[in-house]
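To start, the structure itself, in structure tokens.
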Amino acid sequence: MRIVGKSQIALPNLLPSAVALHQAAVHQATAMALMRVASSGVRKGVYRFATHEAANRASDEALALAIALNVQRMAKLP
């Protein structure tokens, strides 16, 4: 692993702060406002991958599918 920069990432806490909960709510509300199709692009099932690269590729393809579905739905709406 390589360390780049000096910024510290906050570690998970058992009790989240009010600021963190507010930021999460804003993030979720923004995503819901932009999303036209309620899908992550990942089909139900159990997935097993031979490599991390294959898992990342499948995740990227699912994300691309979800984006494409949302773009198609937005194109149909006035």
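What to note about this one:
- For the stretch 37-78, a crude dipole built from +1 on the beta carbon of Lys and Arg and -1 on the beta carbon of Asp and Glu, taken about the Cα centre, is about 220 debye to the nearest 20.
- Per residue, the Cα convex hull of the chain amounts to 191 Å³.
- Sorting 39-47, 12-20, 67-75 by their mean Cβ neighbour count within 10 Å, with the most densely packed peptide first, gives 67-75, 39-47, 12-20.
- Top positive-direction residue, dipole computed over the chain with Cβ charges, set Leu21, Gly5, Leu63: Leu63
- About the Cα centre, charge dipole magnitude for the chain (Lys/Arg +1, Asp/Glu -1 at Cβ), debye: 140
- Gaussian network model of the chain, Cα within-10 Å springs - most flexible of Leu21, Leu63, Leu11: Leu11
Quick note: the coordinates plus some simple rules give every number you see, no bench work behind them. Only a predicted model underlies this, so the values are computations on that prediction, with no experimental measurement involved. Methodologically, a virtual Cβ is constructed for each residue, glycine included, from the backbone with ideal geometry; neighbour enumeration extends over all protein chains shown.
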